[in-house]
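See structure below.
The values are calculated or read from the model by the stated rules, or taken from the named source; none is laboratory data. Remember, it's a predicted structure, so these values are computed and weren't measured experimentally. Cβ placement follows ideal geometry from the backbone for every residue including glycine, while neighbour counts extend to all protein chains displayed.
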Amino acid sequence: MKLNDLKLEEEAIITKVDAHPDIKRRLLDIGLVRGAKIKKVLASKKESMIAYEIKGTVIAIRKDDTKDIEVTK
């Protein structure tokens, strides 16, 4: 399952980040690492930006970047 498949208020565990190296480094730096719990908390009306809570912090990620992150419930 991909991160962008989560519904609002749904939680999952990150299993893999398979993005372009530049984007992957940024995602890892903000805490999107294997085993981390993540929760979808907000989406823009067009869902171009989606906010997730991870490690007590809310971050916004472009929807295009979330398709490269695999999660499991």
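If I filter segment 50-60 for residues that are in contact with a strand residue (DSSP E or B) (Cβ under 9 Å, 6 or more places away or on another chain) and among the polar types (S, T, N, Q), do I get at least one hit? Break it down into steps so the answer makes sense when it comes.
Start the filter on segment 50-60 by keeping residues that are in contact with a strand residue (DSSP E or B) (Cβ under 9 Å, 6 or more places away or on another chain), which leaves 50-55, 58-60.
When the remaining residues are screened for being among the polar types (S, T, N, Q), the result is none.
Within segment 50-60 (the criterion being in contact with a strand residue (DSSP E or B) (Cβ under 9 Å, 6 or more places away or on another chain) and among the polar types (S, T, N, Q)), the answer is no, since none of the residues qualifies.
Could you tell me which residue of segment 17-73 is nearest to Lys7 (Cα to Cα), considering only residues that are in contact with a Lys or Arg (Cβ under 7 Å, 6 or more places away or on another chain) and small (Gly, Ala, Ser)?
It comes out as Ser48.
Could you list all residues from segment 6-20 that are assigned to a strand (DSSP E or B) and basic (Lys, Arg)?
Within segment 6-20, just Lys16 meets the criteria.
One line per residue, one yes/no per condition, for (1) free of Cβ contacts under 8 Å to residues at least 40 places away in the same chain; (2) in a helix (DSSP H, G or I):
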{"residue": "Asn4", "(1), (2)": "no, yes"}
{"residue": "Asp22", "(1), (2)": "yes, yes"}
{"residue": "Arg26", "(1), (2)": "yes, yes"}
{"residue": "Gly35", "(1), (2)": "yes, no"}
{"residue": "Val41", "(1), (2)": "yes, no"}
{"residue": "Lys46", "(1), (2)": "yes, no"}
{"residue": "Val58", "(1), (2)": "yes, no"}
{"residue": "Asp65", "(1), (2)": "no, yes"}
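When you scan segment 20-32, do you find a residue that is acidic (Asp, Glu) and closer than 14 Å to Ile61 by Cβ, even just one? Talk me through it step by step, then tell me what you get.
The first filter runs over segment 20-32 and keeps only residues acidic (Asp, Glu), leaving 22, 29.
Subsequent filtering for residues that are closer than 14 Å to Ile61 by Cβ retains 29.
Yes, segment 20-32 contains at least one residue that is acidic (Asp, Glu) and closer than 14 Å to Ile61 by Cβ.
Listed residues Ala43, Ala12; which is modelled with pLDDT of 95 or more, surrounded by 15 or more Cβ atoms within 10 Å (Cβ to Cβ) and among the small types (Gly, Ala, Ser)? Let's see the steps before the verdict.
Values: Ala43 fails: modelled with pLDDT of 95 or more.
Exactly one of Ala43, Ala12 is modelled with pLDDT of 95 or more, surrounded by 15 or more Cβ atoms within 10 Å (Cβ to Cβ) and among the small types (Gly, Ala, Ser), namely Ala12.
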